[in-house]
Amino acid sequence: MIQLLLLFAAGAPSPLYPLYQAEWGFGPTAVTLVFALYAFGLLAALIVTGSLSDHIGPRSVLIASLLVGSRR
């Protein structure tokens with residue numbers, strides 16, 4: 001269940017981009033660049049944490065990610 005919620009949360013910022021565009025006056029190119037940077041950052045994070053999960057275990061990585069995500 002938690003993995004399913006994390007999967008959905010990975011795309012959570014995407015619907016907010018039009019709101020940011022309207023509020024901050026970004027053009028279409030800026031929104032596209034922001035989305036591309038988010039996608040590449042997410043890909044890099046998945047590659048790093050995927051190999052980290054192989055070394056220390058998926059449960060430890062999941063707990064650490066939940067702790068980091070809840071520090072807001």
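The values are calculated or read from the model by the stated rules, or taken from the named source; none is laboratory data. Worth saying up front: this structure is predicted, and the values here are computed from it rather than measured. In this analysis, Cβ positions are derived from the backbone assuming ideal geometry, glycine residues included, and neighbour counts consider all displayed protein chains. Areas reflect the complete protein model, heavy atoms only, side chains present, ligands, DNA and RNA absent. Shrake-Rupley method; radii C 1.70, N 1.55, O 1.52, S 1.80 Å.
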Can you tell me how many residues in the range 43-72 are of a type in the set (S, T, N, Q) and within 14 Å of the chain's Cα centre (by Cα)?
3
Filter the range 39-72 down to residues that are under 17 Å from Ala12 (Cα atoms) and either at pLDDT 85 or above or acidic (Asp, Glu) (or both) and give me whichever is most open to solvent (accessible area, probe 1.4 Å).
Phe40
Applying the selection to the range 36-53, what residues are among the aliphatic types (A, V, I, L, M) and either in contact (Cβ under 8 Å) with a residue 24 or more places away in the chain or in contact with a strand residue (DSSP E or B) (Cβ under 8 Å, 6 or more places away or on another chain) (or both)?
Leu42
